[in-house]
Amino acid sequence: MNDTIIENGIIFRPDKNFHSGTISIVNGKISDTFPDNADRINAEGLYVIPGLTDIHFHGCVGHDFCEGTDEAFKAIADYEASNGITTICPATMTLPENELVRIMRSAKTFSQKNSSLIGINLEGPFISRSKKGAQNPAYIIKPDIEILKRLQKESGGLIKIATVAPETEGAIPFIKEAKSLAKISVAHTACDYDTAKSAFEAGASHVTHLFNAMNPIHHRQPGPIAAALESSAMVELICDGVHIHPSIVRMTLKMFGAERVVFISDSLEAAGMPDGEYTLGGQKVIKRGKIATLEDGLTLAGSVTNLMDCMRCTVKEMNIPLETAVTCSAVNPVKAVGLDDVYGKIDTGRTADIVIMNKNLDIVRVIKA
């Protein structure tokens, strides 16, 4: 796009507050110069926020990231961008290594021609069978550092998060070595407090969809959630209004602080699609309204809501301040995957991924770089 000046907007600044002002985009980046020949956008009365980043979702509009094709990747990236999610870090499912290798190779090629794909979230296969959720148990294996190294090499370094259940055989030594390859996330786990604490001490620094697919907090058996709180780990929350009760979202923000919480969608291919039958990791999924389950009708199979709608949900239905919601949807996700020096802030030198919204949080315009 041409150099652009966005005037009179209500801008979300790096101090995580809104301020009236004007910003300049030169050569796809936020600039402190204001070219005379730049296009001008009047954003009076409109919010101007960084583009959102979803670091944990599987698909949308009838496509799954694990299809591993340019067609699927482009459809996913285009849908997400149209909804103000300008950068993505999609999640894999628990699959055989050869399938994961194919996906890694394809994602690497796609990322070289489409700047939306900034990473991969490896959600499996190093998880617990008892907390598998909608993951396919046929392909669950114990943590294997050599497999992770091979997958990271095939992806060209795109794996930003790798999940592990800390109670599985060899998990703690795996974490100690794997933390140099990617952010290690505690996920799909039946571990107790002490085991989770050991994982964080070994180098785990993230928690996948907090509360979901893990033991809950109990006053005598605090489990992984309490261990995460006492660590410095960042934690994901699925904010679709289905997976987590609004009071728990508010409680989590008070407990962990807004700087450690990452809103995610965990959406599957049914997002942006009508009710019906879909698939996730080779398993049939039924979408009815805002809920998607496996065939048993009980096991939640991810969400059918994109991250922008999740952000709106927290503001409009959960009484979360907009400043907090933007922080957890745009700033913290890129911090969690180590790319906050490039994305997530409207600040000089950052990539100009920007969403302009009205007071109802409807998108007026999306600017990508």
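A few remarks follow.
- Scanning segment 96-110 for residues that are open to solvent by less than 60 Å² (accessible area, probe 1.4 Å) and either farther than 25 Å from Ala134 by Cα or aliphatic (A, V, I, L, M) (or both) gives Leu100, Val101, Ile103, Met104, Ala107, Phe110.
- Residue in segment 259-266 that is in contact (Cβ under 8 Å) with a residue 40 or more places away in the chain, touching a Gly at 6+ places or on another chain (Cβ under 9 Å) and not hydroxyl-bearing (Ser, Thr, Tyr) present: yes
- Any hit, segment 85-95, residues being open to solvent by 10 Å² or more (accessible area, probe 1.4 Å), under 23 Å from Val342 (Cα atoms) and aliphatic (A, V, I, L, M): no
- Tally, over segment 206-222, of residues that are buried (at least 19 other Cβ atoms within 10 Å of the Cβ) and in contact with a strand residue (DSSP E or B) (Cβ under 7 Å, 6 or more places away or on another chain): 6
- Residue pairs whose Cβ atoms lie under 9 Å apart, sitting 6 or more positions apart in sequence or on different chains, and linking a residue in segment 218-234 that is free of Cβ contacts under 8 Å to residues at least 60 places away in the same chain to a partner that is open to solvent by 20 Å² or more (accessible area, probe 1.4 Å) and of a type in the set (Asp, Glu), are Gln221/Asp192; Pro222/Asp192; Gly223/Asp192; Pro224/Asp192; Ala227/Asp192; Ala227/Asp194; Ser231/Glu201.
- Single residue of Lys113, Lys108 found to be farther than 21 Å from Ile264 by Cα, of a type outside the set (A, V, I, L, M, F, W, C) and assigned to a loop (DSSP other than H, G, I, E, B): Lys113
- Qualifying residues in segment 331-369 (those that are among the basic types (Lys, Arg) and assigned to a loop (DSSP other than H, G, I, E, B)) - the one surrounded by the fewest Cβ atoms within 10 Å (Cβ to Cβ): Lys359
- One residue alone among Cys239, Cys191 is open to solvent by less than 20 Å² (accessible area, probe 1.4 Å) and in contact with a Phe, Trp or Tyr (Cβ under 6 Å, 6 or more places away or on another chain), and that residue is Cys239.
- Pair list, Cβ under 7 Å, 6 or more apart: segment 325-343 residue touching a residue at least 40 places away in the same chain (Cβ under 8 Å), other residue buried (at least 24 other Cβ atoms within 10 Å of the Cβ) and part of a helix (DSSP H, G or I): Ala325/Met311; Ala325/Thr314; Ser329/Leu307; Ser329/Met311; Tyr343/Val334
- From Ala72, Ala77, residue being farther than 28 Å from Ile11 by Cβ and either among the acidic types (Asp, Glu) or open to solvent by less than 10 Å² (accessible area, probe 1.4 Å) (or both): Ala72
- Residue in segment 25-42 that is within 26 Å of Asp309 (Cα to Cα) and open to solvent by less than 10 Å² (accessible area, probe 1.4 Å) present: no
- Taken as a whole, the condition of being open to solvent by 40 Å² or more (accessible area, probe 1.4 Å), in contact (Cβ under 8 Å) with a residue 60 or more places away in the chain and not aromatic (Phe, Trp, Tyr) applies to Lys183.
- Residue, nearest to the chain's Cα centre (by Cα), within segment 1-19, restricted to residues that are of a type outside the set (Lys, Arg) and over 20 Å from Arg40 (Cα atoms): Pro14
- Of the strands (runs of 3 or more DSSP E) lying entirely inside segment 263-302, those containing at least 3 residues that are open to solvent by 10 Å² or more (accessible area, probe 1.4 Å) and in contact with an Asp or Glu (Cβ under 7 Å, 6 or more places away or on another chain) span 283-288.
- Residue in segment 309-330 that is open to solvent by less than 40 Å² (accessible area, probe 1.4 Å), touching a Leu at 6+ places or on another chain (Cβ under 8 Å) and within 30 Å of Pro137 (Cα to Cα) present: no
The values are calculated or read from the model by the stated rules, or taken from the named source; none is laboratory data. All values derive from a computational prediction rather than experimental measurement. Methodologically, a virtual Cβ is constructed for each residue, glycine included, from the backbone with ideal geometry; neighbour enumeration extends over all protein chains shown. The area values use the complete protein model at the heavy-atom level, side chains included, leaving out ligands, DNA and RNA. Shrake-Rupley method; radii C 1.70, N 1.55, O 1.52, S 1.80 Å.
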